[in-house]
Protein chains: 2
Amino acid sequence: MFDIKVLSKADTEKLLKMKDVINVVENVYKSKSEDKTCVFPMVFHEFEAGVADMDIKSGWMKESNIFGLKLVSWFGENIKKNLPALVGLIMVLDSTTGVPLGILDGAHITGMRTGAAGALGAKYLARPTSKTLLIVGAGHVSTFQIAATLLLFPKIETVMIYDPINFDTANKKANTIVDILNNDFGINVDGKVKFTAVEDIKEATGKSDIIITVTPSKKPIIMKEWVKPGTHFSCIGADMAGKEEIDPEIYRDARVFGDDITQCVNVGEAEIPVAREIIKKEDIAGEIGDIIAGKTIGRENDEQVTIFDATGIALLDLATAKLALDEAKKLSLGSTVNI
Amino acid sequence: MFDIKVLSKADTEKLLKMKDVINVVENVYKSKSEDKTCVFPMVFHEFEAGVADMDIKSGWMKESNIFGLKLVSWFGENIKKNLPALVGLIMVLDSTTGVPLGILDGAHITGMRTGAAGALGAKYLARPTSKTLLIVGAGHVSTFQIAATLLLFPKIETVMIYDPINFDTANKKANTIVDILNNDFGINVDGKVKFTAVEDIKEATGKSDIIITVTPSKKPIIMKEWVKPGTHFSCIGADMAGKEEIDPEIYRDARVFGDDITQCVNVGEAEIPVAREIIKKEDIAGEIGDIIAGKTIGRENDEQVTIFDATGIALLDLATAKLALDEAKKLSLGSTVNI
């Protein structure tokens, strides 16, 4: 009845450029602040605690005339079965007719939009003169954070990579990242940026201007007393109740923004500081889109510690998926199924 | 990365037999009662009140090792654009790995499982000697109700069809249904069942053993004083707050079952009787699966009025979709996309 475009992971890898995804994500945040979007309630189910879960995030981009969902399943033991732990599927529909437009693999899109989100937090909150970036967590997601942040901060000289579980993972990332940035993102930083795997997180924290956390941690990795004035945090990893990456005390004097305040307080990095009454929900300065839309200012001075709590909203996936669908149309990429 | 089977509406029409869908739906209800299923919270959004909405229903069938969702969008003004008002997409995934198994058009599957649901309500609650069936609402859904009920009640002699909006719709359905049952469902009732469009709903109600309501009505169509003792109602139409098809007073002395009690009280036919305190939630005798599982009995005597309130649960769609996927595998039907 309908022809639906289907884009695989390989298709989305070919189609999406980080620069364009950053623009799309920036625009989604702005639209959200301007009430041109709608985030629907999230569905979450844990099949087995700590082993397997799934969530369905959905929403509506009023101006782009699209709505849809992303279903993500996480099965931690898939690695033993030679299957990816994380599987994501995105459905995009036309919000003027309800007709499906596309079905897309969600893995690469999630990586791209999450990288863009972390970097945009830094763009609007970090000191523009930032020279040192610390990435906490050296998994797959960290690559996208590095790519997007280097695009927005061409003055960065040093990227430190820390992995709380395995130093070798950080070391491997530091040794391969220049090639990955070149080959997968078209970003040439060879000789311009120094990448180092670090073992001492306390020391690394004290040297950093921008810290991006991308771990599934359930206890703080970075303590308040290590943080130098003016540091910016983009906290990416906490996306369900109980997850936390940084000392909740860091929230006490920081200027805090979220991607979706309700979600931040329910499942984000802000969950624990608010639950422990270190800050109140009302102490969160706003959503990142409020800065982009010019409703408020980000950082107030160079000494302030700033936090961007990014829990991940389906609107980012939908808008990035739409970008991929539009590009696929231009280039006649992807397959089409009749449904 | 994954090969996913895609089944179009035409594929599902070829693959699904009503007899098999009835078995699947019966088994889902039973599994639900035995706590072998999980219904996730529903997401509902109205783009424009009364004009366009969408919902996402999802759940998990533990024994079949599948989970997934159905997204249904309803855009009332699509008819002007020569598009179907109702569009449904079903995603089925493996609940042991999170890997997607299939993406299916939801239109025919919804019709089939809804027909099976209404008929199963009658199987477990109507008098087995029932001879007269009244279908209220002559739209597309009514065909599936007639097909399934005739399969389960071969002694039915008369089917009356009433349409609250347009008598011609009912008349057309009555005149074409024998051919439709033959061609689309392989059910031959020619000469054995009398189909009549009726204009007087009061009179028709008084003659009926089984009444199935399949309208989007927001006010009662059938009043209590018209109903003869022993009548069974399968109420199918009410699936969102505010919808009702029968006089809430009918609930006062009836034996009532639902497909999912929480959903029935929130958005089903039971919503208004409970809100008006005509019955309490606790007065609902159980879920239909409780009868199938042998936990309780249905009808207690021949004079009792019985009600099955079927709001529609995603588990029915998932299990029916899985049946279609299994059949498609056997017959090498449908298309495959790599995602």
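The values are calculated or read from the model by the stated rules, or taken from the named source; none is laboratory data. This is a predicted model, so every value here is computed, not measured. Cβ placement follows ideal geometry from the backbone for every residue including glycine, while neighbour counts extend to all protein chains displayed.
For beta carbons closer than 8 Å, sequence separation of 6+ or different chains, a first residue in the range A:1-29 that is within 24 Å of A:ASP290 (Cβ to Cβ) and a second that is among the hydroxyl-bearing types (Ser, Thr, Tyr), the qualifying pairs are A:VAL21/A:THR320; A:VAL24/A:THR320; A:VAL25/A:THR320; A:VAL28/A:THR37. Taken over the range B:38-64, residues that are in contact (Cβ under 8 Å) with a residue 60 or more places away in the chain, more than 10 Å from chain A (Cβ to nearest Cβ) and assigned to a loop (DSSP other than H, G, I, E, B) amount to 1. Selection over the range B:178-215 of residues that are in a helix (DSSP H, G or I), hydroxyl-bearing (Ser, Thr, Tyr) and without any contact (Cβ under 8 Å) to a residue 60 or more places away in the chain gives a count of 0. If only residues of the range B:65-92 that are within 9 Å of chain A (Cβ to nearest Cβ) and assigned to a loop (DSSP other than H, G, I, E, B) are counted, the one that is farthest from B:MET54 (Cα to Cα) is B:LEU83.
Conditions tested, residue by residue: (1) within 29 Å of B:VAL21 (Cα to Cα); (2) small (Gly, Ala, Ser); (3) in contact with a His (Cβ under 8 Å, 6 or more places away or on another chain).
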position	(1), (2), (3)
B:LYS172	yes, no, no
B:GLY186	yes, yes, no
B:LYS194	yes, no, no
B:ALA204	no, yes, no
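Is it true that B:VAL21 is buried (at least 24 other Cβ atoms within 10 Å of the Cβ), more than 8 Å from every other protein chain (Cβ to nearest Cβ) and part of a helix (DSSP H, G or I)? For B:VAL21, the condition - buried (at least 24 other Cβ atoms within 10 Å of the Cβ), more than 8 Å from every other protein chain (Cβ to nearest Cβ) and part of a helix (DSSP H, G or I) - is met. Of B:VAL136, B:VAL51, all but one fail to be more than 24 Å from A:LYS5 (Cα to Cα), surrounded by fewer than 22 Cβ atoms within 10 Å (Cβ to Cβ) and among the hydrophobic types (A, V, I, L, M, F, W, C); the exception is B:VAL51.
Would you confirm whether any residue within the range A:218-234 is under 16 Å from A:GLN145 (Cα atoms) and out of contact with any helix residue (DSSP H, G or I) (no Cβ under 9 Å at 6 or more places or on another chain)? First the steps, then the outcome.
Of the residues in the range A:218-234, the ones under 16 Å from A:GLN145 (Cα atoms) are A:232-234.
Next, from what is left, pick out any that are out of contact with any helix residue (DSSP H, G or I) (no Cβ under 9 Å at 6 or more places or on another chain): none.
No, the range A:218-234 contains no residue that is under 16 Å from A:GLN145 (Cα atoms) and out of contact with any helix residue (DSSP H, G or I) (no Cβ under 9 Å at 6 or more places or on another chain).
Across the range A:28-37, the number of residues qualifying as outside any strand (DSSP E or B) and either facing chain B (nearest Cβ under 8 Å) or in contact with a helix residue (DSSP H, G or I) (Cβ under 7 Å, 6 or more places away or on another chain) (or both) comes to 5. Of note, A:GLU287 satisfies the criterion of being out of contact with any Pro (no Cβ under 8 Å at 6 or more places or on another chain) and either farther than 22 Å from A:TYR124 by Cβ or modelled with pLDDT of 95 or more (or both). Scanning the range A:237-260 for residues that are over 10 Å from A:VAL136 (Cα atoms) and assigned to a loop (DSSP other than H, G, I, E, B) yields a total of 10. Out of curiosity, is B:ASP259 modelled with pLDDT of 95 or more and in the same structural domain as B:ALA148 (by TED's automatic domain parsing)? Considered against the rule, which asks whether it is modelled with pLDDT of 95 or more and in the same structural domain as B:ALA148 (by TED's automatic domain parsing), B:ASP259 comes out as yes. For the range B:292-339, residues that are at pLDDT 95 or above, part of a loop (DSSP other than H, G, I, E, B), β-branched (Val, Ile, Thr) and out of contact with any Ser or Thr (no Cβ under 8 Å at 6 or more places or on another chain) total 2. Restricting attention to the range A:157-177, the residues that are surrounded by fewer than 22 Cβ atoms within 10 Å (Cβ to Cβ) and part of a loop (DSSP other than H, G, I, E, B) total 4. When we screen A:ASP35, A:ASP11 for residues that are at positive phi and modelled with pLDDT of 95 or more, the only hit is A:ASP35. Every condition in (1) in a helix (DSSP H, G or I); (2) out of contact with any helix residue (DSSP H, G or I) (no Cβ under 9 Å at 6 or more places or on another chain); (3) small (Gly, Ala, Ser) is met by B:ALA116 except one, and the failing one is (2). Within the range A:266-278, the residues that satisfy the criterion of being surrounded by 20 or more Cβ atoms within 10 Å (Cβ to Cβ) and over 14 Å from the mean Cα position of the chain (by Cα) are A:VAL267, A:ALA270, A:GLU271, A:ILE272, A:PRO273, A:VAL274. Listed conditions (1) facing chain B (nearest Cβ under 8 Å); (2) not in a strand (DSSP E or B) are all met by A:ILE103, apart from (2).
Every listed requirement among (1) surrounded by fewer than 18 Cβ atoms within 10 Å (Cβ to Cβ); (2) at pLDDT below 95 is met by B:LYS207 save one, (2). Apart from one condition, A:SER95 fits all of (1) touching a Leu at 6+ places or on another chain (Cβ under 9 Å); (2) within 7 Å of chain B (Cβ to nearest Cβ); (3) not charged (D, E, K, R); the exception is (1). Determine, yes or no, whether B:ASP163 is over 20 Å from B:TYR124 (Cα atoms), out of contact with any Lys or Arg (no Cβ under 6 Å at 6 or more places or on another chain) and either outside the structural domain of B:VAL141 (by TED's automatic domain parsing) or not aliphatic (A, V, I, L, M) (or both). Here the answer is yes, as B:ASP163 does meet what is asked.
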